[in-house]
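*Asks:* Please find one structure pasted underneath; my questions will follow.
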Amino acid sequence: MRERDIVVIGASRGGFQGLKVLVSQLPGDLPAAIFIVLHIGRHASVLPDLLTAWGPLTARYATHGEKIERGTIRVAPPDRHLVLSEGRVWLNEGAKENFARPAADPLFRSAAMAYGPRVVGVVMSGDLDDGAAGLANIRAQQGFAIVQHPDDCEAASMPRAALDSCGADLLCMEQELARCIQAAVRGKSSSEASEGTQMNKRVFEQEARIAANGLSDPETLDEVGERSALTCPDCGGALWRIRDDHPMRYRCHTGHAFTGLSLEEGIESRSEVAVWSAIRAVHERVIFAKERQRWAERAGNQEQIDIERARIDEAERLAELLRETMRATSLAEEKG
């Protein structure tokens, strides 16, 4: 049987309750080290204390450079990526991935790179698609993939994205996660990823090295991707589309990385900001035209009064058109 002693878990909205159930059912002598990323951003959290109280394993925030130990739970601290290498835990302030820091993908990717078939990757409830590329990394290195069933999640997007990305060795309900992890650690056989969802191992290894370095030269990114017409929603820099489509993903030279749903969210958000900026600019035209109209009235200049009135009417029509665009967009998102 294959030994697996590294368990990496990614969760976001809805994952808090799932983690409570999970740790309460794990044994105190679990022969594996557990690492958890929950999307908490910069906010302080008592999650490690709660995890310790809920189950027999001791949990705490990971510390930079500490040794990996079996039978422990380490949680990514606020605003730090957690990565694994050379038997130790490392923290960094690298660029956000999928708009998150900490993010699941850097943890999953580093675990796959360092420990390959010894890794069990778990994607739980959450929004968007963090963890999808990371789980594909794990499967590319013959690791074991567990996904919480989307129908059992408060937020099904992360599990669905993971399944679309690379499938899973086990698909389980919240109450079954602990049992599935123990089975994987004990050496349960993994299934072969279908040919249509297999990540290119060579591209993965190159991309992992690029991600570990943070900032990248354009020529280095050219080795794994193609320059895209899209720009990074985080920094505005050029994006490279990684040649491997399992899953489709993008990366910029400052280190920001996105899978499909996260990039779509970023583009939509930036588009909304642009439309509101346009509305603000048009409204300022109305305000200024009204000031000039009042000036013309004081001066008794009827010709200028008529010009400003026409400008006001035109700008107000344009502002209403932009507001209608925003309303239509919001309605479409609600239906979607």
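The values are calculated or read from the model by the stated rules, or taken from the named source; none is laboratory data. None of the values given here were measured: they were computed from a predicted structure. When we count neighbours, we look across all protein chains shown, and the Cβ atoms used for this are built from the backbone with ideal geometry, even at glycine.
*Asks:* Which ones in the range 123-133 are out of contact with any Leu (no Cβ under 7 Å at 6 or more places or on another chain) and not in a loop (DSSP other than H, G, I, E, B)?
*Replies:* 132, 133
Listed here are the residues, each with its yes/no results for (1) free of Cβ contacts under 8 Å to residues at least 24 places away in the same chain; (2) of a type outside the set (S, T, N, Q).
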residue: 259; (1), (2): no, no
residue: 265; (1), (2): no, yes
residue: 279; (1), (2): no, yes
residue: 287; (1), (2): yes, yes
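*Asks:* Return the only residue of 277, 269 being modelled with pLDDT under 95, within 20 Å of residue 129 (Cβ to Cβ) and polar (S, T, N, Q).
*Replies:* Going through 277, 269 in turn, just one is modelled with pLDDT under 95, within 20 Å of residue 129 (Cβ to Cβ) and polar (S, T, N, Q): 269.
*Asks:* Ok, one more. Going through 106, 31, 117, 48 one at a time, which residue ends up being modelled with pLDDT of 95 or more and in a loop (DSSP other than H, G, I, E, B)?
*Replies:* It is 31.
*Asks:* Could you check the range 21-45 and list, in sequence order, the residues that are surrounded by fewer than 17 Cβ atoms within 10 Å (Cβ to Cβ), under 22 Å from the mean Cα position of the chain (by Cα) and either farther than 10 Å from residue 75 by Cβ or not assigned by TED's automatic domain parsing to the domain that holds residue 108 (or both)?
*Replies:* 41, 42, 43, 44
*Asks:* For the range 58-79, name all the residues that are assigned to a loop (DSSP other than H, G, I, E, B), crowded, with 19+ Cβ neighbours inside 10 Å and either over 22 Å from the mean Cα position of the chain (by Cα) or at pLDDT below 95 (or both).
*Replies:* 68
*Asks:* Another question about this same structure. Scan 145, 162 and give me the residue that is touching a Cys at 6+ places or on another chain (Cβ under 9 Å) and among the hydrophobic types (A, V, I, L, M, F, W, C).
*Replies:* The match here is 145.
*Asks:* Identify, from the list 136, 111, the residue that is surrounded by 21 or more Cβ atoms within 10 Å (Cβ to Cβ), in contact (Cβ under 8 Å) with a residue 12 or more places away in the chain, part of a helix (DSSP H, G or I) and in contact with a Pro (Cβ under 7 Å, 6 or more places away or on another chain).
*Replies:* Numbers: 111 fails: in contact with a Pro (Cβ under 7 Å, 6 or more places away or on another chain).
Every option except 136 fails the conditions.
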